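Chemist: Below is one structure. I have some questions about it.
Since every read-out is calculated from the coordinates, none of them should be taken as a lab result. These numbers come from a predicted model, not from an experiment. Here the Cβ positions follow ideal geometry from the backbone for every residue, glycine too, while neighbour counts run over all protein chains shown.
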Amino acid sequence: MMYEYTIEFLALEWTPPTGEAAEEAGNMVYVCGETGECAVRDFREEQMAHLQNFMNEMGGKGWELVQVLFNRNGAVSFWKRPIADLEDINT
């Protein structure tokens, strides 16, 4: 089976660490700040909803998530989906 691939960026608003916990326990991601330091941070509920909507939209178009990486500006996601035949490659 042949696949086509795409890389998508999803902007997420990161807030500075305040010591406050996320709305639900266990919503943690690894992110890097503007100066290059990296840390485990709370992933707020509205960010989770934004990411979930984005992932559902891509899945609805037939894309399968391969990997997601978080950085200081948001999330970079890697997707793949099967190509029905070789003619689809050129369209």
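Chemist: Between LEU65 and THR35, how high is the FRET efficiency from 1/(1 + (r/R0)^6) when r is the Cβ-Cβ distance and R₀ = 35 Å? Nearest 0.05.
Modeler: So the FRET efficiency works out to roughly 0.75.
Chemist: What spacing in nm lies between the two simple spin-label points modelled at VAL76 and PHE9, each 7 Å away from Cα in the Cβ direction?
Modeler: Reported label-point gap for VAL76 and PHE9 is 0.9 nm.
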